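Since the structure comes first, as structure tokens, the remarks are kept for the end.
The values are calculated or read from the model by the stated rules, or taken from the named source; none is laboratory data. Bear in mind the structure is a predicted one, so any value in this text is a computation, not a measurement. Here the Cβ positions follow ideal geometry from the backbone for every residue, glycine too, while neighbour counts run over all protein chains shown.
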Amino acid sequence: MSAIQTDSRIPVSVLTGFLGAGKTTLLNYILTANHGHKIAVIVNEFGEVGIDNQLVVGADEEIFEMNNGCICCTVRSDLIRILGDLADAKFGRGNRKVDFDRVVIETTGLADPAPVAQTFFVDPDIAESFKLDTIVTLVDAKHADQHLDEGHEAQEQVAFADVLLLNKTDLVSDEDVQKLERRLRSMNSAAKLYRTQQSQIELQHILGINAFDLDKKLEIEPGFLEEEAHEHDDEVASIFLRETKPLDLEKVERFINEWLVDHGTDTFRYKGVLHIKGVKKRVVFQGIHVLFSSYPDRDWKPSEVPVSEFVVIGRNLDEDWFRQQFASCVAS
Ligand SMILES: Nc1nc2c(ncn2[C@@H]2O[C@H](COP(=O)(O)OP(=O)(O)OP(=O)(O)O)[C@@H](O)[C@H]2O)c(=O)[nH]1
């Protein structure tokens, strides 16, 4: 018998990074790239309703959504269940057969990656079928300093990474990029660090690289395997807004202008699709603090009921204000 035993466990890559850093952009890039892998995707969102599944390409494929909680705490049991079902489906143990050779998990921007990683070591069934391959952390070059100054989660995401992608380098000067690189290096000198734009990275640098090293992580966080679920900052919350009546573009623009002036700093992330009167396409709308963009995306499908829905994630959000303003955007 050969002395070399092949590891038949399914490799898992975890994509992390603060809100808006470019995780979904990377996921879309992975899903459209020509790499020959069959990937099962698990997407976790902070808001009560998932928006990412609408923004992920080929969303009819093997994509499993985990909403209404964060993968690192409240819905960690869902992660274990989904992974268990996936393993059964791959190894033909259930009624369903799903053919895939790796898993990519997109965490919420507020997730602490350590408890997610812990799942692959402390749950015996998961540990038998899956192998944590790499934690990839995206860093938003424009907003990272602010997020690292303010939030424990952003710091943990950097500290726990195997690969750091310093993304959105188009938005800042080279000098700022270098300064940020020094800051990231001081927080995590072991991770590989790449500069990216639109999260584009050769996939051989992030998939199947066998980078997660338990011993090294235990050096960073000795209590890693015993840690309790992560506690989130209670002040950070999400609001989900939904309206089936078409919206008036001018009113929407006025609403957004007021919002960004008065609440821009407190809104970490917002994203969704809008159903605008007179526009045949759905309008994708998203932003990070005051950096906002919207564009017509694709025609509504005949099978879809056009609807505006979006999620706002932030601190100290005045929910009544958002609801009233949004309701007043309905076209007459
Ligand atoms: N200028 C610029 N924008 C980028 C780049 N990469 C991604 N974006 C934009 O940044 C916004 C956020 O990107 P996403 O990929 O949705 O970020 P995310 O990390 O998945 O966001 P959450 O899931 O909400 O935490 C989108 O509007 C992207 O198009 C980049 O390199 N440069």
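Every residue in the stretch 166-186 that is within 25 Å of residue 216 (Cβ to Cβ), aliphatic (A, V, I, L, M) and loosely packed, with under 15 Cβ neighbours inside 10 Å, please.
Listed by number, the list is empty, since nothing qualifies.
Do we have any residue at all in the stretch 218-238 that's surrounded by 13 or more Cβ atoms within 10 Å (Cβ to Cβ), on the phi < 0 side of the Ramachandran plot and modelled with pLDDT of 90 or more?
No, the stretch 218-238 contains no residue that is surrounded by 13 or more Cβ atoms within 10 Å (Cβ to Cβ), on the phi < 0 side of the Ramachandran plot and modelled with pLDDT of 90 or more.
Evaluate the stretch 181-194: report whether one residue or more is within 15 Å of the ligand (Cβ to nearest atom) and of a type in the set (D, E, K, R).
no
Among the residues of the stretch 237-273, write down those that are in contact with a His (Cβ under 6 Å, 6 or more places away or on another chain) and under 24 Å from residue 21 (Cβ atoms).
Once the filter is applied, which keeps residues that are in contact with a His (Cβ under 6 Å, 6 or more places away or on another chain) and under 24 Å from residue 21 (Cβ atoms), the stretch 237-273 yields only 264.
Give 279, 311, 284 a once-over and let me know the one that is modelled with pLDDT of 90 or more, among the β-branched types (Val, Ile, Thr) and part of a strand (DSSP E or B).
None of the other options fit; the residue is 284.
In this structure, is residue 288 in contact (Cβ under 8 Å) with a residue 24 or more places away in the chain and surrounded by 20 or more Cβ atoms within 10 Å (Cβ to Cβ)?
yes
Filter the stretch 274-305 for residues that are out of contact with any Ser or Thr (no Cβ under 7 Å at 6 or more places or on another chain), within 16 Å of the ligand (Cβ to nearest atom) and not polar (S, T, N, Q) and give the result.
Once the filter is applied, which keeps residues that are out of contact with any Ser or Thr (no Cβ under 7 Å at 6 or more places or on another chain), within 16 Å of the ligand (Cβ to nearest atom) and not polar (S, T, N, Q), the stretch 274-305 yields 282, 288, 290, 291, 292, 295, 296, 297, 298.
Conditions tested, residue by residue: (1) farther than 20 Å from residue 216 by Cα; (2) within 17 Å of the chain's Cα centre (by Cα); (3) modelled with pLDDT of 95 or more.
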{"position": "111", "(1), (2), (3)": "yes, yes, no"}
{"position": "116", "(1), (2), (3)": "no, yes, no"}
{"position": "121", "(1), (2), (3)": "no, no, no"}
{"position": "132", "(1), (2), (3)": "no, no, yes"}
{"position": "137", "(1), (2), (3)": "no, yes, yes"}
{"position": "143", "(1), (2), (3)": "yes, yes, no"}
{"position": "146", "(1), (2), (3)": "yes, no, no"}
{"position": "150", "(1), (2), (3)": "yes, no, no"}
{"position": "154", "(1), (2), (3)": "no, yes, no"}
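What strands (runs of 3 or more DSSP E), lying completely within the stretch 1-68, carry at least 1 residues that are of a type outside the set (Gly, Ala, Ser) and modelled with pLDDT of 70 or more?
Qualifying strands (runs of 3 or more DSSP E): 10-17, 39-44.
Restricting attention to the stretch 95-110, which residues are buried (at least 21 other Cβ atoms within 10 Å of the Cβ) and either touching a strand residue (DSSP E or B) at 6+ places or on another chain (Cβ under 6 Å) or part of a helix (DSSP H, G or I) (or both)?
Selection gives 103, 104, 105, 106, 107, 108.
Six or more apart or on different chains, Cβ atoms under 9 Å: show the pairs whose first residue is in the stretch 291-305 and assigned to a loop (DSSP other than H, G, I, E, B) and whose second is within 16 Å of the ligand (Cβ to nearest atom).
Final answer for the pair search is 300/282; 304/282.
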